[in-house]
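Since every read-out is calculated from the coordinates, none of them should be taken as a lab result. None of the values given here were measured: they were computed from a predicted structure. When we count neighbours, we look across all protein chains shown, and the Cβ atoms used for this are built from the backbone with ideal geometry, even at glycine.
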């Protein structure tokens with residue numbers, strides 16, 4: 001008996017294999033690159049939004065204090081803001097605090113007439129609040145107590161300008177940051193993130 | 001047997017590519033969705049936080065409007081509010097597309113030296129928080145450091161303020177109060193201060209004519225020393241800063257201004273320039289204002305004294321008590337003779353003269369613009385507030401204020417209920433006298449006329465102003481906090497950030 005030797009063994013030729021491997025590699029590389037790029041993009045977008053929220057928070061903190069502030073001053077580089085706020089609440093150590101039940105309760109203000117008109121005073125003493133940059137963080141210091149109100153590696157920079165006119169006073173603040181995706185630190189990348197706000201002192205102390 | 005494996009092993013490259021793209025897209029979409037969702041939640045919470053302050057301030061406006069009514073429309077002030085324990089409260093008001101709500105409490109916490117009440121407004125505003133019940137991006141602040149939730153205190157399940165500090169923030173009545181949906185509430189405290197009427201030397205709501213070509217208006221501050229006519233021309237004098245506040249405010253575009261004004265001039269659409277007259281201060285021709293009618297103040301806290309009940313001939317008031325600014329000795333008089341003379345003496349206790357507060361309400365005319373007119377004499381230490389419903393006529397030299405302080409003789413013209421009735425105030429200097437007097441006039445519905453050239457210390461608020469004499473008019477800056485409240489303004493703003 002003669003064995004049929006016509007058994008047809010099919011397979012890839014070397015050239016087919018090479019082409020296949022090459023194409024697969026290219027597709028895989030493209031896929032991986034795309035995935036990484038996507039992840040980076042989304043991460044950057046996520047980071048941008050998170051930092052933007054922190055910009056908003058800085059503005060909101062500042063404006064809340066400016067509105068109730070008696071006096072606002074800024075440093076020469078505009079990056080540090082010092083405010084004087086009324087002591088609305090009785091705190092431990094205050095003269096009224098001899099009655100412990102009064103701690104944490106609002107004061108009734110007193111009225112005084114000065115050469116600049118009537119003044120409403122909640123307490124002879126006041127609270128000092130300072131906003132400044134500390135490394136990658138923006139900190140708020142109230143009577144020595146430090147609170148980090150924003151922190152980012154995106155170089156958040158708030159700048160506040162205090163404008164004191166005859167009958168009014170306001171503070172204009174801008175907050176910028178350098179997003180992760182930028183063109184080699186181009187200035188436009190920072191200015192494009194500018195958030196701007198103005199708040200008026202409602203308790204301006206004249207004179 | 002022939003085995004035919006017939007295996008067609010072709011790689012489906014297209015399928016692999018599609019699967020890869022699908023997986024990458026799912027990853028990317030998920031990241032994007034997560035990112036946007038958290039951003040939207042954060043944005044929603046920021047919006048709610050800001051809107052809750054808007055709501056609180058709207059509540060403050062509502063309360064402020066009621067406080068103004070205590071002067072401008074007393075019968076309707078705090079109508080619909082509840083009053084308990086000295087505090088007015090209103091029911092929550094819901095408004096706006098985002099269902100904001102606000103409620104306020106108002107209490108009278110202080111009487112000033114004029115007897116005018118000061119009000120405290122405590123108001124809160126609430127805004128619902130849409131979206132997920134969760135804090136947002138404050139995990140970005142680092143381990144153990146809170147961000148947004150430290151600033152924006154969101155009540156997800158319970159009202160944290162009432163639970164921690166009580167409904168009034170005074171540690172009383174703390175309770176767990178569930179909220180129907182997440183919300184942010186912000187609380188502000190405002191102080192409404194009375195506005196007194198004498199902020200300028202002359203304030204006219206209508207036409208203005210005057211003064212004489214050789215007249216002048218200047219100012220001084222009585223607490224810094226007696227009036228000295230040389231101070232206004234001597235910048236080195238420490239009192240100089242108070243000598244250029246003889247301001248004239250005219251709510252009209254029609255004004256004839258003569259003489260020298262050591263102060264500012266404001267008109268409503270006028271064309272006053274430095275060239276038209278001698279004005280030391282600024283000129284602003286775009287300063288409109290409103291002068292509401294003046295009504296008799298609330299007398300419920302005043303001490304009524306029955307006699308005298310009219311000024312006929314020479315009438316003297318000897319008050320039975322010193323009284324206070326908030327509760328003066330109150331005389332209601334039906335008439336004041338055309339040539340009548342009213343003398344008010346101070347109250348003496350144990351031989352010591354007391355600061356004595358007297359209010360007189362004349363329900364008709366006071367004196368007359370012709371003839372002798374009224375004579376009014378107040379002793380030192382007397383604080384007289386004279387209200388009249390009709391017209392006022394007197395000679396300048398017959399207004400005798402022995403205290404020397406214009407704020408101690410305040411004369412108020414009650415606005416006529418009939419708008420067709422024109423109220424008048426006429427001051428004449430008899431026989432060319434330059435005798436002076438110290439007084440203030442507040443009569444927003446009266447046409448004011450002063451003839452001759454008296455030496456006048458005080459302030460006048462009127463409808464139309466006419467003066468043809470060479471008056472020497474000295475505004476006392478100390479008058480800017482003297483007198484009855486004619487309106488209210490917000491002078492203090494504090495947010496309870498707890």
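Taking other C-beta atoms within 10 angstrom as a stand-in for reagent exposure, B:240, B:88, B:304 fall in the order B:304, B:240, B:88, fewest first.
For a modelled paramagnetic label at residue B:335, 7 Å from Cα along Cα-to-Cβ, the residues of segment B:287-316 in reach, with backbone nitrogen under 15 Å, are B:309-315. Could you work out which residue, out of A:36, A:120, A:66, moves most in a Gaussian network model of chain A, that is, has the largest mean-square fluctuation with Cα springs under 10 Å? Looking only at A:36, A:120, A:66, the largest GNM fluctuation is found for A:36. Calculate the FRET efficiency for residue B:417 and residue B:177 from the Cβ-Cβ distance with a Förster distance of 56 Å, rounded to the nearest 0.05. The calculated FRET efficiency here is 0.70. The C-alpha atoms of chain B define a longest principal axis, and helix B:13-72 lies at about 20 degrees to it. Legend: ranking of residues A:83, B:130, B:195 from fewest to most surrounding C-beta atoms inside 10 Å; resulting order B:130, B:195, A:83.
Put the Cα centre of segment A:14-77 next to the Cα centre of segment B:388-411 and the gap is 76 Å. Where the alpha-carbon atoms of segment B:278-414 are placed on the principal axes, they occupy 54, 33, 30 Å, in descending order.
A simple spin-label model places pseudo-atoms 7 Å from Cα toward Cβ; at residue A:168 and residue B:73 they are separated by 2.7 nm. Any chance you could tell me what percent of the C-alpha pair distances in chain B go past 45 Å? Percentage above 45 Å: 36. Summed over qualifying helices (DSSP H, 4 residues or more, each -39500 (n - 2.57)) and divided by its residue number, chain B shows a 222 nm mean residue ellipticity of -5000 deg cm²/dmol.
Across segment A:1-133, the mean sequence separation of Cα contacts (distance under 8 Å, 6 or more residues apart), normalised by length, yields a relative contact order of 17 percent. Once Rg and the Kirkwood radius are both taken over the C-alpha atoms of segment B:408-486, their ratio Rg/Rh works out to 0.98. Dividing the summed helix terms, -39500 (n - 2.57) for each DSSP H run of n ≥ 4, by the number of residues in chain A produces a 222 nm estimate of -10500 deg cm²/dmol to the nearest 500. Once the chain from residue A:146 to residue A:182 is taken as fully extended at 0.36 nm per residue, the excess over their C-alpha distance is 9.8 nm. The Rg/Rh ratio of segment B:177-263, with both radii computed over alpha carbons and Rh defined as the Kirkwood radius, is 1.35.
At an R0 of 35 angstrom, the distance between the Cβ atoms of residue B:489 and residue B:226 translates into a FRET efficiency of 0.65. Centre-to-centre separation between the Cα atoms of segment B:282-359 and those of segment A:87-124: 35 Å.
Approximating the spin labels as points 7 Å out from Cα along Cα→Cβ, the residue A:37-to-residue B:65 distance works out to 5.9 nm. Spin-label model, residue B:84/residue A:24: points 7 Å from Cα along the beta carbon direction are separated by 8.1 nm.
Full extension of the chain between residue B:209 and residue B:23 gives 58.3 nm of extra length, using 0.36 nm per residue less the Cα-Cα distance.
Semi-axis lengths, largest first, of the ellipsoid equivalent to the protein assembly as shown are 75, 28, 22 Å, with √(5λ) applied to each eigenvalue of the Cα gyration tensor. The ranking of A:165, B:190, B:207 from fewest to most other beta carbons within 10 Å of each one's beta carbon is A:165, B:207, B:190.
Comparing Cα centroids, segment B:11-54 and segment B:232-275 end up 65 angstrom apart. Relative intensity of segment A:40-126 on a log10 scale, I(q)/I(0) at q = 0.15 Å⁻¹, equals -0.78, per a Debye sum over C-alpha point scatterers of equal strength in the absence of solvent. Overall, the ratio between the Cα radius of gyration of chain A and 2.2 N^0.38 Å, rounded to two decimals, is 1.89. The coefficient of translational diffusion for segment B:202-485, derived via Stokes-Einstein from the alpha carbon Kirkwood radius under 37 °C and 0.692 mPa s, stands at 171 µm²/s.
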